[in-house]
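Peer 1: Next up is a structure, given as structure tokens.
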Amino acid sequence: MNKKLVYSLAVIAIFGLGVAGYVSAGQQMPMYERFAQRFNLDEGEVEDFFSEVGQERFQFMQEKQEERLDSWVEQGSITEEQKELVLAKKEEMREKNEALRDLDPEQRKDEMQALRQEMREWAEENDLNMRFFGDRTMGFHKGPRGGSRDCLNNPSE
């Protein structure tokens, strides 16, 4: 067997075991804390920076979502009313997701499944395709895992 392959597999195995041990030991430290400790930086400043970057990313994604919905309205795939319904529902679901952060993983998983079911039912009631919400369980965003990403540009699929 190729030495590089053996070394690569060993590094992956060691890293995997380290992460598994770290997580199972219940010592999950927020990324900003680890980053601050690693590079000897002020944790508060690093946390503020991560928060700022997260807000910028969120704003960017919101703008892209609105642009995509606008193009679907222009194409006649959805109505302006449906677009507004989608935006309102996404905000409602974001708030519900925020409330799940403090639950233990098993409870969070169960609640997320209930939220997905709620979304499916809501979308069906409003004659909307779940792809508007990025529902991967409904075949959205296959990308490199196989299939195309045309659903981003053609919501009627």
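Peer 1: Hey, can you tell me all the residues within segment 52-61 that are within 16 Å of the chain's Cα centre (by Cα) and either among the acidic types (Asp, Glu) or farther than 21 Å from residue 119 by Cβ (or both)?
Peer 2: Within segment 52-61, 53, 54, 55, 56, 57, 59, 60 qualify.
Let's see how each residue does on (1) basic (Lys, Arg); (2) within 18 Å of the chain's Cα centre (by Cα); (3) at pLDDT 80 or above:
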{"residue": "5", "(1), (2), (3)": "no, no, no"}
{"residue": "16", "(1), (2), (3)": "no, no, no"}
{"residue": "23", "(1), (2), (3)": "no, no, no"}
{"residue": "34", "(1), (2), (3)": "yes, no, yes"}
{"residue": "50", "(1), (2), (3)": "no, yes, yes"}
{"residue": "63", "(1), (2), (3)": "no, yes, yes"}
{"residue": "66", "(1), (2), (3)": "no, yes, yes"}
{"residue": "79", "(1), (2), (3)": "no, no, yes"}
{"residue": "91", "(1), (2), (3)": "no, yes, yes"}
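Peer 1: Residue check: is residue 69 closer than 21 Å to residue 30 by Cα and in contact with a helix residue (DSSP H, G or I) (Cβ under 8 Å, 6 or more places away or on another chain)? First the steps, then the outcome.
Peer 2: Working: closer than 21 Å to residue 30 by Cα: no; in contact with a helix residue (DSSP H, G or I) (Cβ under 8 Å, 6 or more places away or on another chain): yes.
Here the answer is no, as residue 69 does not meet what is asked.
Peer 1: Please work out if residue 102 is at pLDDT below 90, of a type in the set (D, E, K, R), surrounded by fewer than 15 Cβ atoms within 10 Å (Cβ to Cβ) and more than 22 Å from residue 59 (Cβ to Cβ). Please lay out each step first, then the result.
Peer 2: Working: at pLDDT below 90: yes; of a type in the set (D, E, K, R): yes; surrounded by fewer than 15 Cβ atoms within 10 Å (Cβ to Cβ): yes; more than 22 Å from residue 59 (Cβ to Cβ): yes.
For residue 102, the condition - at pLDDT below 90, of a type in the set (D, E, K, R), surrounded by fewer than 15 Cβ atoms within 10 Å (Cβ to Cβ) and more than 22 Å from residue 59 (Cβ to Cβ) - is met.
Peer 1: What's the number of the condition residue 77 fails, among (1) closer than 19 Å to residue 129 by Cβ; (2) loosely packed, with under 14 Cβ neighbours inside 10 Å?
Peer 2: (2)
Peer 1: Out of the residues in segment 83-95 meeting the condition of being farther than 12 Å from residue 119 by Cα and touching a helix residue (DSSP H, G or I) at 6+ places or on another chain (Cβ under 8 Å), tell me which one is surrounded by the fewest Cβ atoms within 10 Å (Cβ to Cβ).
Peer 2: Among residues in segment 83-95 that are farther than 12 Å from residue 119 by Cα and touching a helix residue (DSSP H, G or I) at 6+ places or on another chain (Cβ under 8 Å), the one surrounded by the fewest Cβ atoms within 10 Å (Cβ to Cβ) is 87.
Peer 1: For segment 53-85, give me the residue count where each residue is closer than 16 Å to residue 126 by Cα and hydroxyl-bearing (Ser, Thr, Tyr).
Peer 2: 2
The values are calculated or read from the model by the stated rules, or taken from the named source; none is laboratory data. These numbers come from a predicted model, not from an experiment. Ideal geometry is used to build each Cβ from the backbone, glycine not excepted, and the neighbour counts take in all protein chains shown.
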